[in-house]
Amino acid sequence: MFTVDCHVHTLRSACADPIDIEDYLERARQTGVERFAITDHSNDIYFDGEDRQRLKWMLSPDEYYRAVKKRSGQMDEYISHVSRYRDMGVHVGIELEQMPQSGDFIFDWDYRDQFEVVIGSVHSVPSIRKGIVKDADAAREEFLSLTLRALDQDIDILAHPTRSLRKAGVTMPESCSDAIIDKAVSRGISLEINSHSLDPGPEFLRRCFDKGAGLVLSTDSHSLREFGDFSFHRDLMKEAGLNGRNIEQHGFTLAGG
Ligand SMILES: [Zn+2]
Ligand SMILES: [Zn+2]
């Protein structure tokens, strides 16, 4: 039985259902989830409406950083909202999104210590637009470089570690998997099994295990329906020849637990 979920979205994330922490707490009681981290998207916390997409492509990293600094009020508000539920097994987290050109995360690192769970994600690869791949080799190269850049930064977990390529149907060579897993291990960053993205696949998971990578199980819930459902994780581990005990040995422990 899995009772911890490190990756959960609320209405503050643009692509999630209009649900908030109270809704999850009720569902947690029904499904046996004991602790979970709220991890809304950093870009969505800072920016509203069409700025969310527009600024990503317009601003240089320096300009972006200044824009983020100016909006620290939104981040303060987010942290204080989630913190109110700390006594109920809710952890204060965030899912950092990258600036598409540099791979730097959209985040004011002065806030790092206020978070118990910091997830980093690769969400866009320039050669893959709307699921269409212009050049598979370029996509692999960009994906690897954005992922390694993500792992350079001070995160706890790399989310859905192979999703961008898998979703686009681009195969990932072993050398690419190994580069990601080796770097995560050397940096002490956990890799995620994510049921929202159905990622990674069994082969990647086996390699993580062989190399002793830290693994976390997350639903990445964007709706109540997804929350508390670890069937994907169980099936995947079975397919990869692992069991729950293997994962616990390698698991990420949330602060305070
Ligand atoms: Zn994500
Ligand atoms: Zn997410």
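Computed from the coordinates by the stated procedures, all read-outs in this text should not be read as laboratory data. Predicted model only: the values in this text are computed from it and were never measured. With ideal geometry, Cβ positions are generated from the backbone for all residues, glycine too; neighbour counts draw on all protein chains shown.
Computed from backbone phi, the HN-Hα couplings of the stretch 86-95 come to 3, 5, 9, x, 9, 9, 8, x, 7, 10 Hz, rounded to whole numbers (Karplus: 6.51 cos²θ - 1.76 cosθ + 1.60, θ = phi - 60°; Gly and Pro given as x). One decimal place: the segment SER145-ARG112 gains 9.5 nm when fully extended, by the rule 0.36 nm per residue minus the C-alpha distance. The separation of the stretch 30-50 from the stretch 206-235, counted between C-alpha centres, amounts to 17 Å.
Taking the number of Cβ atoms within 10 Å of each Cβ as an exposure proxy, the fewest-first ranking of LEU11, LEU242 is LEU11, LEU242.
By the helix-only formula, in which each DSSP H run with n ≥ 4 contributes -39500 (n - 2.57) and the sum is divided by residues, the chain has a 222 nm mean residue ellipticity of -12000 deg cm²/dmol. Potential lengthening of the chain between ALA67 and ASP23 amounts to 12.6 nm, from the contour at 0.36 nm per residue minus the alpha-carbon distance. Near LEU224, once Lys and Arg are set to +1 and Asp and Glu to -1 for all other residues with Cβ below 9 Å from its Cβ, the sum equals -2. Here the average projected area of the convex hull drawn through the C-alpha atoms of the stretch 4-250 stands at 12.7 nm². Remark: relative contact order (the chain) = 20 percent; criterion is Cα-Cα distance under 8 angstrom and separation of 6 or more residues.
Placing +1 on the Cβ of each Lys and Arg and -1 on the Cβ of each Asp and Glu in the chain, which of ILE79, SER127, ALA16 has its Cα farthest towards the positive end of the resulting dipole? Going by the charge dipole, the pick is SER127. Residues GLU192, GLU63, ranked from the fewest to the most other C-beta atoms within 10 Å, line up as GLU63, GLU192.
Measuring nothing but how far apart in sequence close Cα pairs (under 8 Å, 6+ apart) lie, relative to its length, the stretch 92-215 scores a relative contact order of 21 percent. Remark: the ARG52-ASN246 segment gains 65.9 nm on full extension, using 0.36 nm per residue and subtracting the alpha carbon distance. Between LYS238 and VAL185, the distance separating the two model label sites (each 7 Å from Cα on the Cα→Cβ line) works out to 2.8 nm.
Neighbour counts of C-beta atoms inside 10 Å place VAL133, VAL92 in the sequence VAL133, VAL92, starting with the fewest.
Provide the net charge surrounding LEU25, with neighbours chosen by a C-beta distance below 14 Å and charges set as Lys +1, Arg +1, Asp -1, Glu -1.
Net of charged neighbours comes to -2.
For LYS211, list the lysines whose Cα falls under 22 Å from its own Cα; do not include residues on the same chain fewer than 8 positions away. The qualifying lysines are LYS183, LYS238. Please state the shape class of the stretch 1-119: rounded when a/c is under 1.5, otherwise prolate if a/b exceeds b/c and oblate if not, all from the C-alpha gyration tensor. Prolate.
Label 7 Å along Cα→Cβ of ARG129; the stretch 57-87 residues with amide nitrogen under 20 Å? Label zone hits: 57-60.
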